[in-house]
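Values quoted throughout were computed directly from the atomic coordinates according to the rules given, and no laboratory measurement underlies them. Because the structure is predicted, anything quoted here is derived from the model rather than measured. FYI the Cβ positions are ideal-geometry reconstructions off the backbone, even for glycines, and counts take in every protein chain you see.
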Amino acid sequence: MIEPFRKSTGEVLQTIQGELSPYVGSLMARTAAAAHCRDLGFYDSVLDHQQIAALLQKIRLGLVIFLGKEKTEEVIDDMQRAISRLGETH
């Protein structure tokens with residue numbers, strides 16, 4: 001049986017922060033990632049594929065204001081690749 005896609009919430013947030021920081025600064029990147037996670041009600045220590053997709057969608061909606069659509073898609077794609085490389089959490 002294939003194990004579900006599950007990533008550490010802390011590692012996902014750190015990855016998002018690392019990708020966002022060059023564009024919005026480290027404080028805003030850290031705050032935005034954590035706030036979106038709370039807004040979505042994600043309080044567990046792990047996130048599944050659907051939760052990560054929802055979190056990235058929330059970030060996408062805000063980021064497009066700062067970067068425009070094309071650059072936002074590049075940054076979100078970079079985040080998705082970086083998150084997929086994180087170790088699985090069971």
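At-a-glance table
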item	result
Pairs of Cα atoms farther than 16 Å apart, the chain, %	48 percent
Coarse-grained scattering of region 17-63 at q = 0.15, 0.17, 0.18, 0.24 Å⁻¹, given as base-10 log I(q)/I(0) from a Debye sum over alpha-carbon atoms	-0.36, -0.46, -0.51, -0.87
Approximate spin-label separation Ser26-Ser8, in nm, with each point projected 7 Å along Cα-to-Cβ	1.9 nm
Spacing of the two label points (7 Å from each Cα toward its C-beta) at Gln80 and Leu61, in nm	1.8 nm
Normalised contact order of region 6-84, rounded percent, pairs of Cα under 8 Å and 6 or more residues apart	37 percent
Environment charge of Leu55, counting only residues whose C-beta is closer than 12 Å and scoring Lys/Arg +1, Asp/Glu -1	+2
Cα long-axis angle, helix 9-24 against the chain (0 to 90 degrees, to the nearest 10)	10 degrees
Dipole of region 6-84, positive end: most advanced residue of Tyr23, Gly41, Leu67 [Cβ charges, Cα centre]	Gly41
Structure-based [θ]222 nm, the chain - -39500 (n - 2.57) summed over DSSP H runs of at least 4, per residue, nearest 500	-25500 deg cm²/dmol
Arg38-Lys71 pseudo-label distance in nm [points 7 Å out on the Cα-to-Cβ vector]	2.8 nm
